[in-house]
Amino acid sequence: MRNITIVLLIILASCQKGMAMYNPIDTSNLWREILKLEAVFLDTSHLGFNATIYFADVDTVTVRDTIQAVYKLSKQKYRIEMDSTVIVQNDFYHLTIYKEQDIAILNRPVQFGINLFQVKLIDPDFSQFHIQRLHATDSAGYRKLSVDFKTGSPYTQYEILYDTSNYHISRVEYDLKKDLVTPGATDHYNVRIVCSGYQTGTFNDTVFSTNNYFIRKEGTINLQPPYTSYELINSLNQ
């Protein structure tokens, strides 16, 4: 599995180019802005978009990588295709398929936002122990929401850029201390997710079906071809 994919998936598990001439805005309702960003994914039916994920392993030598991702969602059902990883969620299951490792992990459904935001911004515990303050600036119909973190947080900077007319996210970018992934490591990872191509109505709910991956019968999970040889990690009851 590529390093970028490993880091992104570790971040998800632990959660389970700038624009010039910005003008400061009132920060009193910034938490409400985050809720609005989440609401787009909660309320919109059959929304699809693409993302390019730029990854930099910053150390003595900086190593860079790029992958493409495709997102399809409707309410809290979604499908994400990223490198050799597929994530499918419907009303009952959250399934992750790691094709390179021949592993399938089955969980209960989780909110979509964590997959794109890469951090639990609205989680009360995360906010209390990690976030110092929020601030925002506006420019040409876009808003850049920035987060300052407390000393000791694994994150050192975090920004969301989005269209203020429809709350579609244009970019998510953050720096993450490497010791979250590799204990004792210094320096950081930089991750930049650039989203584009938002459109609705180009697919239906069949993309959220897990029947092509497994069948549950009398409480038993049976993986379907070509996944029958995969290791299944069933975390539904955890």
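Got a sec? How would THR182, THR85 order by Cβ neighbour count within 10 Å, fewest to most? Intermediate results must be reported in sequence, preceding the final value.
On the way: THR182 11, THR85 21.
Result, fewest neighbours first: THR182, THR85.
For SER84 paired with ASP43, estimate the spin-label separation in nm (one decimal), with each label point 7 Å from Cα along the Cα-to-Cβ line.
4.1
Given the alpha-carbon gyration tensor of the range 91-238, what are the semi-axes of its equivalent ellipsoid in whole angstrom, ordered largest first, with each equal to the square root of 5 times an eigenvalue?
34, 22, 14
So which of LYS99/LYS178; LYS75/LYS217; LYS36/LYS120 end up more than 22 Å apart, counting from Cα to Cα?
From LYS99/LYS178; LYS75/LYS217; LYS36/LYS120, over 22 Å: LYS99/LYS178; LYS75/LYS217.
At 0.36 nm per residue, minus the direct Cα-Cα distance, what do ASP125 and PHE92 gain on full extension? Give it in nm, one decimal, please.
Additional length available on full extension: 9.2 nm.
For a paramagnetic label modelled at 7 Å from the Cα of VAL63 toward its Cβ, which residues of the range 150-192 fall within the zone defined by backbone nitrogen distances under 16 Å?
Only 178-183, 185-191 fall inside the zone, counting backbone N under 16 Å.
Residues of the range 88-130 with backbone nitrogen within less than 12 Å of a virtual label 7 Å along the Cα-to-Cβ line of ASN234, please, listed as ranges.
Answer for this model: 106-107.
At 0.36 nm per residue, and after removing the present C-alpha to C-alpha distance, how many nm does the segment from ASN204 to LYS75 gain when stretched out fully?
Full-extension gain reported as 45.2 nm.
Using alpha carbon centroids, what distance separates the range 58-110 and the range 199-231, in Å?
Here the answer is 14 Å between Cα centres.
Read the figures in this text as sums done on the coordinates, not as results from a lab. Everything numeric in this text was worked out from a predicted model, so none of it was measured. No Cβ is skipped: glycine too gets one built from the backbone with ideal geometry, and neighbour counts run over all protein chains shown.
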